[in-house]
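Encoded as structure tokens, the structure appears first; notes follow it.
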Amino acid sequence: MVDTCFLGRGFTTLVGLLLLPFGSLAASQIEDQAEQFFRSGHTNNWAVLVCTSRFWFNYRHVANTLSVYRSVKRLGIPDSHIVLMLADDMACNPRNPKPATVFSHKNMELNVYGDDVEVDYRSYEVTVENFLRVLTGRIPSSTPRSKRLLSDDRSNILIYMTGHGGNGFLKFQDSEEITNIELADAFEQMWQKRRYNELLFIIDTCQGASMYERFYSPNIMALASSQVGEDSLSHQPDPAIGVHLMDRYTFYVLEFLEEINPASQTNMNDLVSICLI
């Protein structure tokens with residue numbers, strides 16, 4: 001039911017990108033590609049990006065998530081189709097020597113916070129309950145559109161999570177946890193309610209693979225930064241601010257993503273080739 005570090009059925013291009021290279025094609029080729037595209041059952045893309053950690057020493061988890069956010073936007077998923085959840089605002093932390101910035105590389109060349117970041121859930125809004133409500137659509141009617149995952153059975157969804165975890169759980173805010181059983185049940189609800197076509201789940205946390213051990217729904221591909229019993233490693237230490245700027249797994253996934261563009265024919269096998277798990 002769940003592919004782990006394997007080519008998920010139907011993931012012909014990375015994260016199911018919608019943009020097709022029509023510019024140089026003949027009319028008949030365009031028609032053939034369009035017909036194949038709609039037969040695939042996939043017409044739109046969404047991303048749910050979640051940093052579950054608070055406190056300055058977890059700077060890297062915020063940078064992880066913002067870096068993935070930047071990449072999926074560059075590859076064609078608009079803010080209207082991204083739900084961004086950040087448990088802490090490192091850009092405004094009083095310990096940040098460069099206010100209003102978050103960097104993911106020690107050369108400090110790229111501010112991943114930028115001028116156009118749209119955070120949908122922040123600070124104490126990032127809870128297990130709110131995350132599960134976003135996935136399953138069980139949200140109060142007063143909730144604004146920007147806080148909703150308005151996917152359907154033609155949606156390919158990327159769910160990225162990062163934080164501190166253990167065997168079968170991921171911490172939220174250092175005050176509560178989501179278990180692998182709760183996550184698996186949420187994905188099954190999504191499938192039963194026709195809320196996705198295919199789902200790519202990526203998690204960067206210690207013992208990350210334990211979070212997909214209980215998955216039982218179809219059309220899910222899962223990738224993790226660590227096996228059960230293993231740690232997820234930090235990366236890019238910055239002595240000037242006393243923290244690491246990223247986690248290693250996310251760093252190399254993003255390095256891969258930066259080499260592709262919306263017209264690339266890069267597929268999931270190419271991503272898996274750099275996957276350590």
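The values are calculated or read from the model by the stated rules, or taken from the named source; none is laboratory data. Because the structure is a prediction, the values reported are computed rather than measured. Glycine gets a Cβ as well: all are built from the backbone with ideal geometry, and neighbour counts include every protein chain shown. Calculation scope for accessible area: heavy atoms of the full protein, side chains included, ligands and nucleic acids excluded. Shrake-Rupley method; radii C 1.70, N 1.55, O 1.52, S 1.80 Å.
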Relative contact order of the range 121-277, defined on C-alpha pairs under 8 angstrom at six or more residues apart (%): 18
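Find the accessible area per residue for the range 120-277; the probe is 1.4 Å, ligands and nucleic acids are left out, and the unit is Å².
43
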For the range 191-212 and the range 96-145, what is the separation of their C-alpha centers, rounded to whole Å? 19
What's the magnitude of the charge dipole for the range 81-208 around its Cα centre, counting Lys and Arg as +1 and Asp and Glu as -1 at the beta-carbon? Answer in Debye, nearest 20. 220
For the range 35-107, what is the relative contact order in percent, using Cα pairs closer than 8 Å and at least 6 residues apart in sequence? 36
Too-long pairs where the Cα-Cα distance tops 26 Å, listed order kept, from K147/K193; K106/K147; K73/K98: K106/K147
What do you get for GluC sites (Glu not before Pro) in the range 58-143 restricted to DSSP loop and a cutoff of at most 13 other Cβ within 10 Å of the site's Cβ? E109, E118
What is the range 190-277's relative contact order, in percent, from Cα pairs under 8 angstrom and six or more apart in sequence? 24
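Send over the semi-axes of the range 75-127's equivalent ellipsoid, whole angstrom and largest first, taken as the square roots of 5 times the C-alpha gyration tensor eigenvalues.
Details: eigenvalues 84, 55, 13 Å².
They are 21, 17, 8 Å, listed from largest to smallest.
On alpha carbon coordinates alone, what is the Rg over Rh value for the range 163-246, Rh being the Kirkwood radius? Walk me through the numbers on the way to the answer.
Numbers: Rg = 14.8 Å, Rh = 13.9 Å.
Checking Rg against Rh, the ratio lands at 1.06.
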Round to the nearest 10 and report in Å² the accessible area of K73, as given by a 1.4 Å probe over the protein chains' heavy atoms. 50
Give me the accessible area of V68, 1.4 Å probe, in Å² rounded to the nearest 10. 10
